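Below is one structure, written out as C-alpha coordinates; comments come after it.
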Amino acid sequence: MKWSFKIGSIFGIPIRIHITFLLLLFFVAINPHRGLLGGLVGVLFIVLVFIGVLLHELGHSLVARHFGAPVHDIILLPIGGVSRTEIPEDPKQEIMMAVAGPVVSLILALFFLLFSILLGYNLGFGHFLDAKAKILVELFYVNLMLAIFNLIPAFPMDGGRILRGILALSMDPVRATRIAVGIGQALAVIMFFVGIFFNWWLALIAIFLYFGAETEEQGTILRKVLHQVPVRALMLDKFEVLSPEDDLSRVLEVICHSAQSDFPVIENNQLVGIVSKEVIFQALRQLPSETKVRDIMIREFYQTEPDEPLDLALKHLVENKVGVVPVVEGGRLVGILTMDQLAKYQLICGARPQEKLSFIYSRQK
Ligand code: ZN
(Lines give C-alpha, C1' and ligand atoms only; values in the text may rest on other atoms or scores of the structure.)
Protein backbone atom coordinates (compact mmCIF):
# COMPACT_ATOMS: atom_id res chain seq x y z
CA MET A 1 0.00 0.00 0.00
CA LYS A 2 1.27 3.47 -0.88
CA TRP A 3 2.51 5.72 1.93
CA SER A 4 2.96 2.94 4.43
CA PHE A 5 6.24 1.84 5.95
CA LYS A 6 7.42 -1.18 7.87
CA ILE A 7 7.91 -0.80 11.62
CA GLY A 8 8.93 -4.40 12.29
CA SER A 9 7.62 -7.91 12.03
CA ILE A 10 5.95 -10.40 14.32
CA PHE A 11 6.18 -14.16 13.60
CA GLY A 12 7.73 -13.17 10.28
CA ILE A 13 4.69 -11.07 9.29
CA PRO A 14 5.69 -7.52 8.28
CA ILE A 15 3.83 -4.85 10.25
CA ARG A 16 3.31 -1.59 8.40
CA ILE A 17 1.99 1.77 9.51
CA HIS A 18 0.23 4.13 7.16
CA ILE A 19 1.53 7.68 7.21
CA THR A 20 -1.96 9.02 8.10
CA PHE A 21 -1.76 7.01 11.32
CA LEU A 22 1.24 9.09 12.43
CA LEU A 23 -0.75 12.22 11.62
CA LEU A 24 -3.49 10.97 13.94
CA LEU A 25 -0.93 10.49 16.76
CA PHE A 26 0.51 13.92 16.07
CA PHE A 27 -2.86 15.66 16.30
CA VAL A 28 -3.76 13.82 19.50
CA ALA A 29 -0.37 14.78 20.98
CA ILE A 30 -0.67 18.50 20.21
CA ASN A 31 -4.34 18.83 21.16
CA PRO A 32 -4.35 22.19 23.06
CA HIS A 33 -7.37 21.19 25.19
CA ARG A 34 -5.43 18.42 26.86
CA GLY A 35 -2.12 20.04 27.72
CA LEU A 36 1.20 18.19 27.56
CA LEU A 37 0.30 15.41 29.99
CA GLY A 38 -3.15 14.98 28.49
CA GLY A 39 -1.55 14.82 25.06
CA LEU A 40 0.84 12.08 26.17
CA VAL A 41 -1.96 10.09 27.81
CA GLY A 42 -3.94 10.50 24.58
CA VAL A 43 -1.05 9.13 22.51
CA LEU A 44 -0.57 6.26 24.97
CA PHE A 45 -4.28 5.46 24.69
CA ILE A 46 -4.21 5.45 20.86
CA VAL A 47 -1.08 3.28 20.84
CA LEU A 48 -2.73 0.79 23.22
CA VAL A 49 -5.91 0.74 21.12
CA PHE A 50 -3.84 -0.01 18.04
CA ILE A 51 -1.88 -2.74 19.79
CA GLY A 52 -5.34 -4.25 20.34
CA VAL A 53 -6.15 -3.81 16.64
CA LEU A 54 -2.79 -5.35 15.72
CA LEU A 55 -3.45 -8.39 17.93
CA HIS A 56 -6.92 -8.72 16.34
CA GLU A 57 -5.34 -8.76 12.86
CA LEU A 58 -2.58 -11.13 14.02
CA GLY A 59 -5.38 -13.47 15.11
CA HIS A 60 -6.66 -13.58 11.51
CA SER A 61 -3.17 -13.84 10.01
CA LEU A 62 -1.87 -16.62 12.22
CA VAL A 63 -4.96 -18.78 11.70
CA ALA A 64 -4.72 -18.16 7.94
CA ARG A 65 -1.06 -19.17 7.97
CA HIS A 66 -1.88 -22.24 10.03
CA PHE A 67 -4.11 -23.34 7.13
CA GLY A 68 -1.36 -22.66 4.60
CA ALA A 69 -2.75 -19.39 3.19
CA PRO A 70 0.05 -16.86 2.51
CA VAL A 71 0.05 -13.76 4.74
CA HIS A 72 1.51 -10.66 3.07
CA ASP A 73 1.47 -8.07 5.85
CA ILE A 74 -0.62 -6.16 8.37
CA ILE A 75 -1.22 -2.45 7.83
CA LEU A 76 -2.40 -0.08 10.56
CA LEU A 77 -4.60 2.78 9.34
CA PRO A 78 -6.40 5.43 11.42
CA ILE A 79 -9.72 3.64 10.73
CA GLY A 80 -8.34 0.25 11.87
CA GLY A 81 -6.13 -2.54 10.71
CA VAL A 82 -5.98 -4.57 7.54
CA SER A 83 -4.43 -8.01 7.40
CA ARG A 84 -3.51 -8.70 3.79
CA THR A 85 -3.96 -12.42 3.65
CA GLU A 86 -5.06 -14.93 1.06
CA ILE A 87 -8.45 -16.34 2.04
CA PRO A 88 -8.38 -20.15 2.49
CA GLU A 89 -10.47 -22.07 -0.07
CA ASP A 90 -12.15 -24.32 2.50
CA PRO A 91 -15.19 -22.52 4.01
CA LYS A 92 -14.54 -24.07 7.45
CA GLN A 93 -11.05 -22.59 7.42
CA GLU A 94 -12.39 -19.24 6.26
CA ILE A 95 -14.89 -19.23 9.15
CA MET A 96 -12.15 -20.00 11.69
CA MET A 97 -9.90 -17.35 10.23
CA ALA A 98 -12.68 -14.72 10.39
CA VAL A 99 -13.69 -15.69 13.94
CA ALA A 100 -10.09 -15.47 15.22
CA GLY A 101 -9.94 -11.64 15.17
CA PRO A 102 -13.08 -10.95 17.23
CA VAL A 103 -12.07 -13.75 19.64
CA VAL A 104 -8.75 -11.99 20.28
CA SER A 105 -10.57 -8.67 20.83
CA LEU A 106 -12.98 -10.34 23.25
CA ILE A 107 -10.12 -11.86 25.25
CA LEU A 108 -8.44 -8.42 25.42
CA ALA A 109 -11.72 -6.83 26.55
CA LEU A 110 -12.07 -9.38 29.36
CA PHE A 111 -8.44 -8.78 30.34
CA PHE A 112 -9.01 -5.00 30.65
CA LEU A 113 -12.33 -5.50 32.43
CA LEU A 114 -10.65 -7.70 35.01
CA PHE A 115 -7.87 -5.16 35.55
CA SER A 116 -10.31 -2.24 35.77
CA ILE A 117 -12.32 -4.07 38.41
CA LEU A 118 -9.19 -5.02 40.34
CA LEU A 119 -7.61 -1.56 40.14
CA GLY A 120 -10.84 0.43 40.22
CA TYR A 121 -11.17 -0.10 43.96
CA ASN A 122 -7.69 1.25 44.69
CA LEU A 123 -7.66 4.27 42.45
CA GLY A 124 -9.69 7.43 42.25
CA PHE A 125 -7.22 9.95 43.69
CA GLY A 126 -5.03 12.27 41.71
CA HIS A 127 -5.41 13.38 38.15
CA PHE A 128 -2.86 11.06 36.54
CA LEU A 129 -3.97 7.90 38.34
CA ASP A 130 -7.50 8.78 37.44
CA ALA A 131 -6.52 9.03 33.80
CA LYS A 132 -4.82 5.62 33.99
CA ALA A 133 -7.95 4.05 35.42
CA LYS A 134 -9.98 5.72 32.70
CA ILE A 135 -7.66 4.29 30.05
CA LEU A 136 -8.19 0.74 31.31
CA VAL A 137 -11.96 1.11 31.32
CA GLU A 138 -11.94 2.71 27.89
CA LEU A 139 -9.71 -0.04 26.53
CA PHE A 140 -12.25 -2.56 27.78
CA TYR A 141 -15.02 -0.81 25.85
CA VAL A 142 -12.93 -0.26 22.72
CA ASN A 143 -11.92 -3.93 22.47
CA LEU A 144 -15.46 -5.08 23.24
CA MET A 145 -16.76 -2.79 20.48
CA LEU A 146 -14.08 -4.09 18.10
CA ALA A 147 -15.29 -7.64 18.69
CA ILE A 148 -19.02 -6.82 18.39
CA PHE A 149 -18.76 -4.38 15.49
CA ASN A 150 -16.66 -6.76 13.42
CA LEU A 151 -19.18 -9.54 13.97
CA ILE A 152 -21.97 -7.60 12.20
CA PRO A 153 -22.64 -9.82 9.17
CA ALA A 154 -21.79 -7.06 6.68
CA PHE A 155 -19.36 -8.43 4.11
CA PRO A 156 -16.37 -7.78 3.90
CA MET A 157 -16.28 -7.43 7.69
CA ASP A 158 -15.46 -10.51 9.77
CA GLY A 159 -19.13 -11.26 10.45
CA GLY A 160 -19.82 -11.16 6.70
CA ARG A 161 -16.98 -13.60 6.03
CA ILE A 162 -18.33 -15.94 8.69
CA LEU A 163 -21.76 -15.74 7.04
CA ARG A 164 -20.25 -16.41 3.59
CA GLY A 165 -18.32 -19.38 5.01
CA ILE A 166 -21.45 -20.85 6.63
CA LEU A 167 -23.42 -20.43 3.38
CA ALA A 168 -20.57 -21.93 1.34
CA LEU A 169 -20.71 -25.09 3.46
CA SER A 170 -23.95 -26.02 1.71
CA MET A 171 -23.86 -24.19 -1.65
CA ASP A 172 -21.68 -23.04 -4.51
CA PRO A 173 -19.08 -20.51 -3.20
CA VAL A 174 -19.95 -17.94 -5.87
CA ARG A 175 -23.62 -18.01 -4.85
CA ALA A 176 -22.65 -17.87 -1.16
CA THR A 177 -20.57 -14.75 -1.89
CA ARG A 178 -23.43 -13.10 -3.78
CA ILE A 179 -25.87 -13.70 -0.90
CA ALA A 180 -23.37 -12.52 1.77
CA VAL A 181 -22.61 -9.40 -0.26
CA GLY A 182 -26.36 -8.70 -0.73
CA ILE A 183 -27.00 -8.94 3.02
CA GLY A 184 -23.87 -6.87 3.70
CA GLN A 185 -24.98 -4.11 1.37
CA ALA A 186 -28.50 -4.05 2.82
CA LEU A 187 -26.98 -3.67 6.29
CA ALA A 188 -24.64 -0.95 4.99
CA VAL A 189 -27.65 1.01 3.67
CA ILE A 190 -29.41 0.70 7.06
CA MET A 191 -26.18 1.72 8.84
CA PHE A 192 -25.89 4.71 6.52
CA PHE A 193 -29.37 6.04 7.37
CA VAL A 194 -28.96 5.35 11.09
CA GLY A 195 -25.58 7.09 10.82
CA ILE A 196 -27.01 10.19 9.12
CA PHE A 197 -29.33 10.77 12.07
CA PHE A 198 -27.13 9.66 14.95
CA ASN A 199 -23.46 9.40 14.04
CA TRP A 200 -21.72 10.64 10.90
CA TRP A 201 -18.78 8.32 11.51
CA LEU A 202 -21.08 5.32 11.17
CA ALA A 203 -22.46 6.73 7.90
CA LEU A 204 -18.93 7.07 6.56
CA ILE A 205 -18.05 3.49 7.49
CA ALA A 206 -21.29 2.33 5.83
CA ILE A 207 -20.20 3.92 2.54
CA PHE A 208 -16.84 2.16 2.72
CA LEU A 209 -18.58 -1.14 3.48
CA TYR A 210 -21.03 -0.81 0.61
CA PHE A 211 -18.38 -0.27 -2.04
CA GLY A 212 -15.88 -2.59 -0.32
CA ALA A 213 -18.47 -5.37 -0.57
CA GLU A 214 -18.92 -4.73 -4.27
CA THR A 215 -15.18 -4.85 -5.00
CA GLU A 216 -14.80 -7.98 -2.89
CA GLU A 217 -17.71 -9.58 -4.71
CA GLN A 218 -16.21 -9.01 -8.14
CA GLY A 219 -12.74 -10.08 -7.01
CA THR A 220 -13.97 -13.18 -5.19
CA ILE A 221 -16.26 -14.28 -7.98
CA LEU A 222 -13.61 -13.76 -10.63
CA ARG A 223 -11.10 -15.75 -8.54
CA LYS A 224 -13.56 -18.56 -7.86
CA VAL A 225 -14.61 -18.75 -11.50
CA LEU A 226 -11.02 -18.64 -12.70
CA HIS A 227 -10.15 -21.37 -10.22
CA GLN A 228 -12.48 -23.68 -12.14
CA VAL A 229 -11.03 -22.81 -15.54
CA PRO A 230 -7.77 -24.40 -16.71
CA VAL A 231 -5.02 -22.30 -18.26
CA ARG A 232 -5.47 -24.32 -21.47
CA ALA A 233 -8.87 -22.73 -22.03
CA LEU A 234 -7.57 -19.19 -22.33
CA MET A 235 -3.93 -19.44 -23.42
CA LEU A 236 -2.87 -18.10 -26.79
CA ASP A 237 -1.78 -21.14 -28.76
CA LYS A 238 -0.76 -19.21 -31.86
CA PHE A 239 1.87 -16.74 -30.83
CA GLU A 240 5.10 -15.09 -31.84
CA VAL A 241 8.39 -15.87 -30.12
CA LEU A 242 11.69 -13.99 -30.07
CA SER A 243 15.22 -15.31 -30.15
CA PRO A 244 17.94 -14.01 -27.77
CA GLU A 245 19.86 -12.90 -30.88
CA ASP A 246 17.04 -10.69 -32.19
CA ASP A 247 17.81 -6.98 -31.94
CA LEU A 248 15.43 -4.17 -31.05
CA SER A 249 14.60 -3.31 -34.65
CA ARG A 250 13.47 -6.89 -35.21
CA VAL A 251 11.40 -6.70 -31.98
CA LEU A 252 9.79 -3.50 -33.20
CA GLU A 253 8.92 -5.19 -36.48
CA VAL A 254 7.22 -8.12 -34.68
CA ILE A 255 5.27 -5.79 -32.39
CA CYS A 256 4.02 -3.71 -35.31
CA HIS A 257 2.83 -6.71 -37.30
CA SER A 258 1.22 -8.81 -34.59
CA ALA A 259 -1.39 -8.27 -31.85
CA GLN A 260 1.10 -9.41 -29.24
CA SER A 261 3.31 -7.17 -27.15
CA ASP A 262 4.74 -9.62 -24.60
CA PHE A 263 6.91 -12.48 -25.83
CA PRO A 264 8.57 -15.70 -24.73
CA VAL A 265 12.23 -16.01 -25.78
CA ILE A 266 13.27 -19.33 -27.32
CA GLU A 267 16.80 -20.67 -27.96
CA ASN A 268 17.39 -24.18 -29.34
CA ASN A 269 13.74 -25.04 -28.70
CA GLN A 270 14.18 -24.13 -25.03
CA LEU A 271 12.33 -21.38 -23.21
CA VAL A 272 15.12 -19.15 -21.88
CA GLY A 273 13.36 -15.87 -21.02
CA ILE A 274 10.44 -13.52 -21.41
CA VAL A 275 10.14 -9.88 -22.45
CA SER A 276 7.14 -7.80 -21.55
CA LYS A 277 5.83 -4.72 -23.30
CA GLU A 278 7.16 -2.55 -20.42
CA VAL A 279 10.68 -3.93 -20.81
CA ILE A 280 10.57 -3.52 -24.58
CA PHE A 281 9.36 0.08 -24.54
CA GLN A 282 11.84 1.06 -21.88
CA ALA A 283 14.62 -0.46 -24.02
CA LEU A 284 13.32 1.31 -27.15
CA ARG A 285 13.52 4.62 -25.30
CA GLN A 286 16.92 4.16 -23.72
CA LEU A 287 18.98 1.66 -25.69
CA PRO A 288 20.42 1.60 -29.24
CA SER A 289 18.56 -0.48 -31.82
CA GLU A 290 21.39 -3.04 -32.02
CA THR A 291 20.64 -4.12 -28.43
CA LYS A 292 19.89 -7.83 -28.34
CA VAL A 293 16.87 -9.45 -26.69
CA ARG A 294 19.41 -11.46 -24.66
CA ASP A 295 20.40 -8.24 -22.87
CA ILE A 296 16.90 -7.16 -21.87
CA MET A 297 15.02 -10.44 -21.33
CA ILE A 298 13.86 -11.54 -17.88
CA ARG A 299 15.56 -14.84 -17.06
CA GLU A 300 13.71 -15.78 -13.89
CA PHE A 301 9.98 -15.99 -14.36
CA TYR A 302 6.88 -17.92 -13.40
CA GLN A 303 5.64 -20.53 -15.82
CA THR A 304 2.55 -22.67 -15.70
CA GLU A 305 1.05 -25.83 -17.18
CA PRO A 306 -2.07 -26.17 -19.32
CA ASP A 307 -4.08 -27.89 -16.59
CA GLU A 308 -3.25 -25.48 -13.78
CA PRO A 309 -6.19 -23.28 -12.67
CA LEU A 310 -6.27 -19.80 -14.19
CA ASP A 311 -6.46 -17.95 -10.87
CA LEU A 312 -2.83 -18.76 -9.98
CA ALA A 313 -1.53 -17.50 -13.31
CA LEU A 314 -3.68 -14.37 -12.95
CA LYS A 315 -2.16 -13.72 -9.54
CA HIS A 316 1.35 -13.87 -10.98
CA LEU A 317 0.43 -11.65 -13.91
CA VAL A 318 -1.06 -9.02 -11.64
CA GLU A 319 1.37 -9.17 -8.72
CA ASN A 320 4.64 -9.43 -10.62
CA LYS A 321 3.54 -7.21 -13.52
CA VAL A 322 5.40 -9.47 -15.93
CA GLY A 323 2.92 -9.16 -18.78
CA VAL A 324 3.23 -12.78 -19.89
CA VAL A 325 3.14 -16.24 -18.33
CA PRO A 326 4.55 -19.04 -20.54
CA VAL A 327 2.58 -22.30 -20.59
CA VAL A 328 4.81 -25.36 -20.74
CA GLU A 329 3.82 -29.00 -21.22
CA GLY A 330 6.39 -31.79 -21.09
CA GLY A 331 9.22 -29.27 -21.36
CA ARG A 332 7.71 -27.74 -24.52
CA LEU A 333 6.26 -24.25 -24.79
CA VAL A 334 2.64 -24.74 -25.87
CA GLY A 335 1.09 -21.34 -25.20
CA ILE A 336 1.27 -18.02 -23.46
CA LEU A 337 -1.07 -16.20 -21.13
CA THR A 338 -1.18 -12.40 -21.24
CA MET A 339 -3.04 -9.64 -19.43
CA ASP A 340 -4.82 -8.87 -22.71
CA GLN A 341 -6.27 -12.39 -22.74
CA LEU A 342 -7.50 -12.04 -19.17
CA ALA A 343 -9.03 -8.64 -19.89
CA LYS A 344 -10.78 -10.20 -22.88
CA TYR A 345 -12.02 -13.04 -20.68
CA GLN A 346 -13.54 -10.57 -18.22
CA LEU A 347 -15.35 -8.90 -21.12
CA ILE A 348 -16.68 -12.27 -22.27
CA CYS A 349 -17.93 -13.07 -18.75
CA GLY A 350 -19.56 -9.65 -18.55
CA ALA A 351 -21.23 -10.01 -21.94
CA ARG A 352 -22.48 -13.57 -21.51
CA PRO A 353 -22.38 -14.38 -17.78
CA GLN A 354 -24.59 -17.45 -18.21
CA GLU A 355 -22.13 -19.06 -20.60
CA LYS A 356 -18.80 -18.22 -19.08
CA LEU A 357 -17.84 -21.77 -18.23
CA SER A 358 -19.52 -23.72 -21.01
CA PHE A 359 -18.11 -21.31 -23.59
CA ILE A 360 -14.59 -21.82 -22.35
CA TYR A 361 -14.91 -25.54 -21.74
CA SER A 362 -16.24 -26.26 -25.20
CA ARG A 363 -12.94 -25.06 -26.60
CA GLN A 364 -10.63 -27.28 -24.67
CA LYS A 365 -12.09 -30.50 -26.04
ZN1 ZN B 1 -11.19 -8.69 11.89
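Just a few scattered comments:
- Per residue, the range 232-364 exposes 56 Å² of solvent-accessible protein surface, assessed with a 1.4 angstrom probe and all protein chains in place.
- Label-point gap, in nm, between Ala343 and Ala29 - each point 7 angstrom along Cα→Cβ: 4.5 nm
- Calculated FRET value between Cys256 and Glu278, using beta carbons and R₀ = 22 Å, to 0.05: 0.80
- Helix screen, the chain: DSSP H segments with Cα axial length of 24 Å or more and mean Kyte-Doolittle hydropathy at least -1.0 are 35-66, 91-120, 127-151, 173-198, 200-227.
- Each label point was placed 7 Å from the Cα along the Cα-to-Cβ direction; for Phe67 and Ile152 their separation is 2.4 nm.
- For the listed peptides 149-160, 288-299, a ranking on the average number of other beta carbons within 10 Å per residue, highest first, reads 149-160, 288-299.
- Nonpolar atom fraction for the chain, defined as the carbon and sulfur part of the 1.4 Å probe accessible area, stands at 65 percent.
- Estimated FRET transfer efficiency (Val137, Lys321; beta-carbon r; R0 45 Å; 0.05): 0.40
The values are calculated or read from the model by the stated rules, or taken from the named source; none is laboratory data. Note that the structure is predicted; figures quoted are calculated from it, not measured. Here Cβ is always computed from backbone atoms with ideal geometry, including for glycine, and neighbour counts include all displayed protein chains. Note: accessible area is taken over every heavy atom of the protein model, side chains too, but ligands, DNA and RNA are not part of it. Shrake-Rupley method; radii C 1.70, N 1.55, O 1.52, S 1.80 Å.
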